[in-house]
1. Ranked highest first by average number of other Cβ atoms within 10 Å, how do 88-97, 16-25, 49-58 line up?
2. If each residue's Cβ is checked for other Cβ atoms within 10 Å, how do I75, I27 rank with the fewest at the top?
Amino acid sequence: MSVAPSYTRQPTPSESNPWPVRVVILILWGGFLALLLLGGLVAYASTAYLNRILPGVSVSGMDLGGLTAPEAEQILTAHYASASGVSYRLRAGDQTWTFSAAEVHAADGDAGQNSV
């Protein structure tokens with residue numbers, strides 16, 4: 001009695017395990033979608049506060065975050081209007097200068113608005 005030899009059939013490339021290729025494709029798609037999401041968040045953050053004061057900015061305890069420069073100027077002007085009788089004294093060595101709040105504001109002009 002003779003036994004026929006057993007042959008094992010080798011899989012062809014089309015029959016090989018597809019999962020490693022699928023995992024690589026899923027990782028690439030996941031990375032692409034993560035970058036797309038990150039780009040969208042950066043774009044939103046850069047335009048959300050365009051021409052507005054960033055959150056967390058405060059002056060003397062007054063929160064100015066989210067306001068435009070004219071709105072913040074109006075709030076600060078109203079708050080510091082009571083300081084019109086205040087005077088400022090500057091000293092440098094032996095010299096002393098005294099200015100009223102109105103003089104300091106007049107000398108400042110609109111210079112502060114350009115820095116916002």
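1. On the way: 88-97: 7.9, 16-25: 9.6, 49-58: 11.8.
Listed from highest to lowest mean packing, they are 49-58, 16-25, 88-97.
2. I27, I75
Coordinate-derived values only; no laboratory data. In this text, all values refer to a predicted model and were calculated from it rather than measured experimentally. For neighbour counting, all protein chains shown are included, and Cβ atoms are generated from backbone atoms with ideal geometry for every residue, glycine included.
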